[in-house]
Amino acid sequence: MKSEKWKPWALLAPSLSAVVLLLVIPVCFVIVYSFWLRAPSGADIPAFQLGNYAKFFEDFFYPGILIRTIRIAFETVILCVVMGYIPAYFFYRSESRYKQIFLLLIMLPFWVSFIIRTMSWINIMGDSGLINHVLIKIGLIETPFSMLYNEFTVLMGLLMYLLPFMVLNIYVSLEGIDKSLLEAARCMGCTEWQAFREVTLPLSLPGVSAGCLLVFVLTAGTYLPPMILGGPGNDMIANLIFKRVIGTLDWPFGSAISVILLSLLFVIVWTYNRYLGINQIFKSFQGN
Amino acid sequence: MATVTKEKLDRVYDAYCNGRISRRHFMKYLGLAGASLGLIGTPFAGAVRDALAAKSIRFDGWGGSVSEAFREHAFKPFTKATGIEVIDGEFGDMNSYLTRVKASYPPGGEFNIAHLSAVFDYARYVELGFSSVLDESKIPNLNNVMPSMIKPLREITKGSLSAVPYDLGQTGIAYNTKHISKEKAEKLGASLLWDKDLKGKMGSWGGDFRTNMWYAALHTNQSPNNMTDLKAIWAALREQRGLMKKYWASGAELMSLLANEEIYATVAWSGRVAALQQEGHPIGYLSPKGTYSWMEYLFVLKGTDLDVAQQLLNFMLEPAAAIAVAEGQNYPPSLDPTKVALTDKIKKMPAFDPTGKLDGYLFANPSYWNSHQVEWTEKWDRIKAGS
């Protein structure tokens with residue numbers, strides 16, 4: 001009925017307004033800014049030119065940081081899958097009455113500020129931190145072993161931040177698997193490992209791929225772990241954007257880098273959609 | 001004006017559900033409610049808040065022990081004396097604050113007074129059009145301030161003032177006395193920051209090209225305000241990068257790295273070093289010849305209620321308040337020691353000058369450094385990142 005057509009739009013209006021006001025319009029501003037010029041004082045000069053984009057690609061410095069970001073994002077995804085699948089599977093198979101408490105433990109880190117969680121590693125891995133203190137006390141080393149401010153600690157910070165996202169995605173996907181399928185596989189002669197490999201793993205892949213996409217996108221845009229736990233040369237692309245926008249007041253160039261990052265992420269999401277289907281993400285939450 | 005209250009909206013909603021009101025009228029009330037919310041939010045936020053708020057003024061400073069000193073010794077007594085509330089904001093560095101000022105609506109309009117770090121920042125704010133013109137007759141305590149600190153400001157704003165000088169300090173070298181002897185530090189001077197024995201134990205301020213280039217200039221025997229051999233500067237910074245454990249990003253991080261002995265030597269703000277020393281950490285302070293000195297100002301931004309701002313500035317320059325703040329933040333005040341009796345604690349602080357003339361102090365030349373800011377910041381960022 002014609003008179004009913006406005007209803008879905010009316011219901012969607014609040015969320016659509018939020019998306020337009022908080023996402024679409026700001027992104028449009030960023031795109032417009034990326035063509036502007038910056039005065040030496042830090043003032044912005046309206047213009048339409050591609051100099052900011054040309055500057056990004058004129059030598060390998062900026063693309064190098066982008067490539068490093070992508071590499072670190074892939075490494076984080078792999079680590080999160082490997083380290084996230086096991087606890088998710090454990091929760092899925094667990095019949096323990098403490099299962100809900102275990103799940104709550106996964107969420108527990110979110111109760112503490114991300115900055116505090118990241119900085120706490122300094123007290124654990126620092127030269128006068130817990131690990132060095134214990135190693136010196138038990139006589140394994142005489143002088144502190146330097147562990148902080150390198151790419152390893154950046155990866156660790158990212159893992160700590162993103163692992164719960166991966167675990168929850170995989171767990172929700174696993175929970176949607178009908179356990180009678182596993183019983184059927186076992187009845188037909190499959191070993192436990194074969195049942196996992198042939199039934200559980202393929203059916204949980206939507207959750208794995210949803211978690212991968214989420215972890216990848218979040219890693220590509222994060223800047224706190226490299227800033228707090230990284231050393232010289234461990235900056236990622238978000239740190240570069242932060243420095244250009246905040247450090248040098250160069251909003252046009254910062255915007256151009258943001259647009260390049262956004263475009264790259266768009267290509268990755270598009271590729272994901274093309275070959276895996278973005279609807280897999282929703283499937284992982286609906287069960288299979 | 002009719003006020004849209006929750007009760008009225010509930011009554012309208014009931015009427016709509018019962019079919020006693022048309023959709024058009026219902027939407028009108030919803031629209032009015034939305035408009036009310038919109039007025040409270042941006043972009044009219046400033047105007048509405050100003051109209052509704054009692055007299056108040058916003059002050060943004062460096063946070064930590066510095067802000068604590070301002071709060072305890074200046075803002076609380078000021079509010080008690082005048083009834084004007086001081087809204088106390090904080091920033092981590094000048095650039096992030098300037099970004100917020102630039103992004104405010106109207107630009108600069110949400111902010112009132114800022115604790116600026118040096119004359120070059122005063123110049124930047126003036127160039128961006130954020131300055132105001134203070135009525136100096138309403139700030140009689142300005143007469144107690146060192147003329148040598150006022151003069152550079154007048155040169156930039158052509159005789160008028162948009163800020164009052166408040167304190168001065170240095171970015172010198174902090175070193176761990178357990179691992180570096182005083183004799184060695186004094187012998188090496190600025191070159192201590194290039195000591196290969198400290199590989200993996202060195203720190204520096206990552207957020208400021210100026211400080212790093214300044215010490216590279218001293219290390220390569222050049223004048224920081226007229227560097228003639230930039231290649232030598234970049235080479236020195238690249239060499240130093242190999243020794244570096246961490247480029248720190250804030251005063252709090254600087255103090256944590258030194259206190260936890262993650263680093264043994266770094267450029268450091270004199271007040272923060274004094275705070276560490278007072279806590280009993282084995283940290284020495286070195287100010288080699290040509291040490292980077294700076295003067296800090298309380299800058300009044302365009303659009304601020306000048307009467308209120310001038311009252312606060314005059315109150316803060318009152319000797320009792322200025323001395324208490326100086327002792328709290330560990331930086332000497334701008335008060336002229338030849339006019340105002342200062343305490344022994346202040347007289348022992350780095351950067352204190354008993355003559356009040358500041359002869360021999362080396363400050364960053366605003367026009368020289370500001371004119372190269374974009375180019376040198378980018379170069380510094382590249383070197384820091386390994387280029």
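The values are calculated or read from the model by the stated rules, or taken from the named source; none is laboratory data. Please read these numbers as outputs of a predicted model, since none were measured by experiment. Because the Cβ atoms are built from the backbone with ideal geometry, glycine has one as well, and the counts that use them run over all protein chains shown. We work out accessible area using only protein heavy atoms, side chains counted, and drop any ligands, DNA or RNA first. Shrake-Rupley method; radii C 1.70, N 1.55, O 1.52, S 1.80 Å.
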Within segment B:300-330, restricting to residues that are over 30 Å from B:ALA268 (Cβ atoms) and among the small types (Gly, Ala, Ser), the one that is modelled with the lowest pLDDT is B:GLY303
Select from segment A:197-222 the residues that are crowded, with 23+ Cβ neighbours inside 10 Å and not in a helix (DSSP H, G or I) and list them in ascending order. A:THR222
Any idea which residue in segment B:225-241 is nearest to B:TYR285 (Cα to Cα), counting only those that are outside any helix (DSSP H, G or I) and either without any contact (Cβ under 8 Å) to a residue 40 or more places away in the chain or at the interface with chain A (Cβ under 9 Å from one of its Cβ atoms) (or both)? B:MET227
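Just to be sure, is A:ILE101 touching an Asp or Glu at 6+ places or on another chain (Cβ under 7 Å), part of a helix (DSSP H, G or I) and either open to solvent by less than 60 Å² (accessible area, probe 1.4 Å) or more than 14 Å from chain B (Cβ to nearest Cβ) (or both)?
So A:ILE101 fails the test.
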If you go through B:LYS345, B:LYS289, B:LYS302, the only one that is over 20 Å from the mean Cα position of the chain (by Cα), among the basic types (Lys, Arg) and assigned by TED's automatic domain parsing to the domain that holds B:TYR105 is B:LYS345
Condition broken by B:PHE209, with the remaining ones in (1) surrounded by fewer than 23 Cβ atoms within 10 Å (Cβ to Cβ); (2) closer than 22 Å to B:TYR361 by Cβ satisfied: (1)
Let me spell it out: the conditions are (1) without any contact (Cβ under 8 Å) to a residue 24 or more places away in the chain; (2) over 26 Å from A:TYR275 (Cα atoms); (3) in a helix (DSSP H, G or I), and A:ILE228 meets all of them except one. Which number is the exception? (1)
Collect the residues in segment B:345-362 that are part of a helix (DSSP H, G or I) and open to solvent by less than 20 Å² (accessible area, probe 1.4 Å), keeping them in residue-number order. B:ILE346
Of all residues in segment B:363-386 being small (Gly, Ala, Ser) and surrounded by 18 or more Cβ atoms within 10 Å (Cβ to Cβ), which is nearest to B:ALA236 (Cα to Cα)? B:ALA385
Residues being open to solvent by 40 Å² or more (accessible area, probe 1.4 Å), within 19 Å of B:SER387 (Cα to Cα) and within 13 Å of chain B (Cβ to nearest Cβ) - total across segment A:38-63: 4
Qualifying residues in segment B:294-330 (those that are of a type outside the set (A, V, I, L, M) and within 17 Å of B:TYR122 (Cβ to Cβ)) - the one most open to solvent (accessible area, probe 1.4 Å): B:LYS302
Name the residues in segment B:103-125 that are surrounded by 20 or more Cβ atoms within 10 Å (Cβ to Cβ) and aliphatic (A, V, I, L, M), would you? B:ILE113, B:ALA114, B:LEU116, B:ALA118, B:VAL119, B:ALA123
What is the number of the single condition among (1) of a type in the set (Gly, Ala, Ser); (2) free of Cβ contacts under 8 Å to residues at least 60 places away in the same chain; (3) within 14 Å of chain B (Cβ to nearest Cβ) that A:SER96 does not meet? (3)
Please enumerate the residues belonging to segment B:130-140 that are within 14 Å of chain A (Cβ to nearest Cβ) and open to solvent by less than 30 Å² (accessible area, probe 1.4 Å). B:PHE130
Please specify each residue of segment B:78-111 satisfying the condition of being out of contact with any Phe, Trp or Tyr (no Cβ under 8 Å at 6 or more places or on another chain) and away from every other protein chain (no Cβ under 14 Å). B:THR79, B:LYS80, B:GLY83, B:GLU85, B:PRO106, B:GLY109, B:GLU110, B:PHE111
Given (1) open to solvent by less than 70 Å² (accessible area, probe 1.4 Å); (2) within 14 Å of another protein chain (Cβ to nearest Cβ); (3) modelled with pLDDT under 95; (4) assigned to a helix (DSSP H, G or I), number of the condition A:LYS7 does not satisfy: (1)
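Residues checked against (1) open to solvent by 60 Å² or more (accessible area, probe 1.4 Å); (2) in contact with an Asp or Glu (Cβ under 6 Å, 6 or more places away or on another chain); (3) in a helix (DSSP H, G or I):
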residue	(1), (2), (3)
A:PRO109	no, no, yes
A:THR118	no, no, yes
A:HIS133	yes, no, yes
A:LEU148	no, no, no
A:MET160	no, no, yes
Would you please list the contacts, defined by Cβ atoms under 8 Å and residues six or more apart or on different chains, that run from a residue in segment B:89-102 that is hydroxyl-bearing (Ser, Thr, Tyr) to a residue that is part of a loop (DSSP other than H, G, I, E, B)? B:TYR97/B:PHE91; B:THR99/A:LEU249
Looking at (1) within 13 Å of chain A (Cβ to nearest Cβ); (2) in a helix (DSSP H, G or I), find the lone condition where B:ALA275 falls short. (1)
So, B:ALA252, is that one hydrophobic (A, V, I, L, M, F, W, C), part of a helix (DSSP H, G or I), surrounded by fewer than 16 Cβ atoms within 10 Å (Cβ to Cβ) and more than 14 Å from chain A (Cβ to nearest Cβ) or not? no
